[in-house]
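J.: Sharing a structure with you now.
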Amino acid sequence: MVPPTEFASYYGRPVLKKPVWRALDIAGYLFLGGLAGGSSVLAAGAAASGRHGLARPLRVGAFTAISLSLAALVHDLGRPARFLNMLRVMKPTSPMSMGSWLLTGYAPLAGAAAASTVTGRLPRVGAAAGAAAALLGPAVASYTAVLISDTAVPTWHDGHREMPFVFCGSAATAAAGLGLLVSPAGQNAPARRAAAFGAVLELGATELMRRRMGLSAEPLRTGRAGQLMRASQILTCAGTAGALVAGRRARGVAAAAGAALLAGSAALRFGVFQAGVSSAEDAKYTVLPQRERLAARAEAGAPTCGTKPPR
Amino acid sequence: MQERPVDAPTPTAGRAPLDVAAAAGHRAHPPRVGFFTDTSICIGCKACEVACKEWNAVPEDGLELTGMSYDNTQGLGADSWRHVAFVEQKKSSGGAWATVDHRGVDVFAEAARLGTGAATEGGGIAPVAPDGRTELRWLMSSDVCKHCTRAGCLDVCPTGALFRTEFGTVVVQQDVCNGCGYCVPACPYGVIDQRKSDGRVWKCTLCYDRLGAGLEPACAKACPTDSIQFGPLDELRERAAERVRRLQDAGVPGARLYGHDPADGVGGDGAFFLLLDEPEVYGLPPDPVVTTRDLPAMWRHAAVAAVTLAAGMAACCVRRKR
Ligand code: SF4
Ligand code: SF4
């Protein structure tokens, strides 16, 4: 079936309301949440394999990132003073509710791990908190995909199958980037491998998502979002290559690669965020896929919900 | 019966009509109420918009001249809970001249020639009715929150500010909303929005206060043509089915119901419509689906992704044997 390209609209106005979220706050939150979650996991792995020079700064980084991300979340509320209303109920149908509870569990653990690392006190408690944070970390990194996909925004919703993988890959590259930036060269092997793992996951899942989405993939390629997505791809590839080729010996190259990976992860989140906003701003992305759906259903012989007058 | 996509969890919607109020925990509750907006008799007077603003003390939201026919309200939003859409079409309205195609007619040029005698011959504002009237089509429709059976806004609200009333309607508790804004992109109809000056979100309450006092909502009360009808949803659906059948029998082209079907993507709307053209002509989505229909699949994918991340990172930390 050839997809229709023309559609009617009400004076060209969008059908949906675009998100009221500020890009810096919410795309920033997506990035920092991924960085925190990924760093906790990498820190636990590094600690378990005796690479404390890598584990320590990652723990501090995870707590810093989650603190900043919480600040961004609160800042974005229309009524920041009512932040605690997030914990009024626990609603599985609301990813934001589940995320609030998840962060309520995760942030103190990340904090305890970081505090113990910095002060050197209660090392056992710190290690246990770090391990627990590592258990929650992957959830912190992946739930944000559900957060944005669980909306009517075409580009976010239509990518809901692959988005968690995109975000987890991006969390891994961000954590790897931080690890490369802050650890001594002799201990950064896990970060180098994590960069490769994250890059493959992120780039692969993004490509798959684009192919499966149909029309709503377009905003990921065009405009500012398209630029951000391309920048992310280049930075992630360059960072990974730098880490793999020279990250073991050259401290400077490792740090530069780490910075590139962090920037690549951030660009991806801002790109996905912006693409969603663009897809909500244009009625095309709402109406055409729905029309296609109705046409396919009509072809299959099912009634079309009364939107076609009977002949 | 509507065929549902295979990945849809078998929801309460679809088969038997869902008792939304009972599902929300209201034990003995009044019947579910709603609006049937019959746009075929709307005269575009905007009494509904005014009555709503007055009764609910909705603030002014800018005075703009848009050039969109008589519509300067532009759409639903935090400060417009009823919105009358005006669509000017170069088609005849229903009835006897429905078969004549005059899509190519420039109505404004024709209007300029009106009364000069030049208009009537060959392709004026055609066709001219036997009684000498000229015909254009002017669609008007008073839009409102749909009070969905499966309401995306309510599902995603993390604070519980959005709730289902005993009347089956969807209302924001303003003393609870913290302005997180999640409901805004979750609504498949683009209804609910944030009031910038206040940070919270606002939308039609179906006059919850009036319902509690046994009154009908202000818009329905004010509507002079009964284009907006208020009542128990079951009754409204019957009335609407009867009305659309009559219009179709009379040859009104394009008459169809929108949002009436409990088997649609949102489980049917509490506020549904009789339209005279495709929904998107009025700015409505042709096949809206509640976003949370796919939420179980989203959680599953997120869980697998999280495990992938954990396993991948663990593998990255394994020390090679020397
Ligand atoms: S139309 Fe939108 S705002 Fe109204 S109940 Fe449905 S989802 Fe909520
Ligand atoms: S903005 Fe208010 S009503 Fe909307 S989801 Fe957030 S807390 Fe709920």
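J.: Cut-off 10 angstrom, C-alpha nodes, Gaussian network model of chain A. Which of A:SER232, A:SER116, A:SER142 fluctuates the most?
T.: Per the Cα network of chain A with a 10 Å cutoff, A:SER116 tops the list.
J.: Something else: Roughly how many debye, to the nearest 20, is the charge dipole of the stretch A:23-298 about its Cα centre, given +1 on each Lys and Arg Cβ, -1 on each Asp and Glu Cβ, and no other charges?
T.: With only Lys, Arg, Asp and Glu charged at Cβ, the dipole is about 520 debye.
J.: Sticking with this one: Taking amide hydrogens as modeled 1.01 Å from N in the peptide plane, which residues meet the under 5 Å criterion relative to B:THR37, leaving out close sequence neighbours?
T.: B:GLN229, B:PHE272, B:PHE273, B:LEU274
J.: Would you mind pulling out the separation of the Cα centroids of the stretch A:23-77 and the stretch B:227-302, in Å?
T.: The stretch A:23-77 and the stretch B:227-302 have Cα centres separated by 45 Å.
J.: Give the calculated FRET efficiency between A:GLU6 and A:HIS75 to the nearest 0.05, with a Förster radius of 35 Å applied to their Cβ-Cβ distance.
T.: Efficiency at R0 = 35 Å is approximately 0.25.
J.: Here's another thing I want to ask about it. What FRET efficiency, computed as 1/(1 + (r/R0)^6) with R0 = 30 Å and r the Cβ-Cβ distance, is obtained for A:VAL200 and A:ALA295, rounded to the nearest 0.05?
T.: Using R0 = 30 Å, I get an efficiency of 0.20.
J.: Can you give me the distance in nm between label points at B:ARG27 and B:SER197, each placed 7 Å from the Cα along the Cα-to-Cβ direction?
T.: The answer from the label model is 4.3 nm.
J.: At R0 = 51 Å, how high is the FRET efficiency between A:SER67 and B:ASP19 if r is their beta carbon distance? Nearest 0.05 is fine.
T.: My answer for the efficiency is 0.70.
J.: What does the average come to when, for each residue of peptide A:86-93, you count the partner chain Cβ atoms lying within 10 Å of its Cβ?
T.: 5
J.: Take peptide A:157-168, look around each residue's Cβ out to 10 angstrom, count Cβ atoms belonging to other protein chains, and average those counts.
T.: For peptide A:157-168, the averaged partner shielding equals 5.
J.: Given all pairs of different Cα atoms, what value in angstroms does the Kirkwood hydrodynamic radius of the stretch A:1-155 take?
T.: Across the stretch A:1-155, the inverse of the average 1/r is 17.2 Å.
J.: A further question follows. Over all residues in A:276-287, what is the mean tally of Cβ atoms on other chains that come within 10 Å of each residue's Cβ?
T.: 2
J.: Which of the helices in chain A, when you take each full DSSP H run, stretch at least 18 Å along the axis at their Cα atoms and have an average Kyte-Doolittle score of -0.5 or higher?
T.: Correct list, ordered by number: A:23-48, A:52-76, A:95-119, A:123-149, A:163-182, A:189-213, A:223-246, A:251-281.
J.: If we sort A:101-114, B:55-68 on the protection proxy, mean other Cβ atoms within 10 Å, highest first, what's the order?
T.: A:101-114, B:55-68
J.: If you count only protein heavy atoms with a 1.4 Å probe, what accessible area per residue comes out for the protein assembly as shown, rounded to a whole Å²?
T.: So the protein assembly as shown comes to 40 Å² accessible per residue, rounded to a whole number.
J.: On the full set of protein chains, 1.4 Å probe, figure out the accessible area of B:TRP138 and give it in Å² to the nearest 10.
T.: B:TRP138 exposes around 110 Å² with every protein chain in place.
J.: What number, in percent, do you get for the relative contact order of the stretch A:23-298 if the mean sequence gap of Cα pairs under 8 Å and at least 6 apart is divided by its residue count?
T.: 21
J.: Calculate the translational D of the stretch A:23-298 in whole µm² s⁻¹ from Stokes-Einstein, where the hydrodynamic radius comes from the Kirkwood formula applied to all Cα pairs, the temperature is 25 °C and the viscosity 0.890 mPa s.
T.: In µm²/s, the coefficient rounds to 130.
J.: Convex hull over the Cα atoms of the stretch A:8-78, averaged projected area in nm²?
T.: Result: 6.8 nm².
J.: Here is a follow-up. Round to a whole angstrom and tell me the spacing of the C-alpha centers of the stretch B:149-211 and the stretch A:91-136.
T.: When both Cα centres are located, 32 Å separates them.
J.: Under the rule of -39500 (n - 2.57) per DSSP H run of 4 or more residues, summed and divided by the residues of chain A, what mean residue ellipticity at 222 nm is obtained, to the nearest 500 deg cm²/dmol?
T.: Using -39500 (n - 2.57) per qualifying helix, the result is -25500 deg cm²/dmol.
J.: What does the charge add up to near A:LEU181, with Lys and Arg as +1, Asp and Glu as -1, over the other residues with Cβ less than 14 Å from its Cβ?
T.: Spelling it out: positives minus negatives among the neighbours equals +3.
J.: Using a 7 Å offset from Cα along Cα-Cβ at B:VAL50, what residues in the stretch B:194-218 end up with backbone N under 17 Å from the label point?
T.: B:218
J.: Where does the charge balance sit around B:GLU166 when Lys and Arg score +1, Asp and Glu -1, over other residues with C-beta under 11 Å from its C-beta?
T.: Taking every other residue near B:GLU166 into account, the sum is +3.
J.: Separate question: Of all accessible surface on the protein assembly as shown at a 1.4 Å probe, what whole percent is carbon and sulfur?
T.: 60
J.: Further question on the same structure: All other residues with a Cβ under 13 Å from the Cβ of A:ALA23 taken together, and with Lys, Arg as +1 and Asp, Glu as -1, what is their net charge?
T.: Surrounding charge for A:ALA23 is +2.
J.: Can I ask one more? More than 48 Å apart: what percent of Cα pairs in the protein assembly as shown qualify?
T.: Tail of the P(r) past 48 Å holds 23 percent of the pairs.
J.: Please list, by residue number, everything in the stretch A:41-73 whose backbone N is under 11 Å from a paramagnetic label point 7 Å out along Cα→Cβ of B:ARG319.
T.: Output list for this probe position: A:48-52.
The values are calculated or read from the model by the stated rules, or taken from the named source; none is laboratory data. Model, not experiment: these values are computed from the prediction. In this analysis, Cβ positions are derived from the backbone assuming ideal geometry, glycine residues included, and neighbour counts consider all displayed protein chains. Heavy atoms of the whole protein, side chains included, go into the accessibility calculation; ligands, DNA and RNA do not. Shrake-Rupley method; radii C 1.70, N 1.55, O 1.52, S 1.80 Å.
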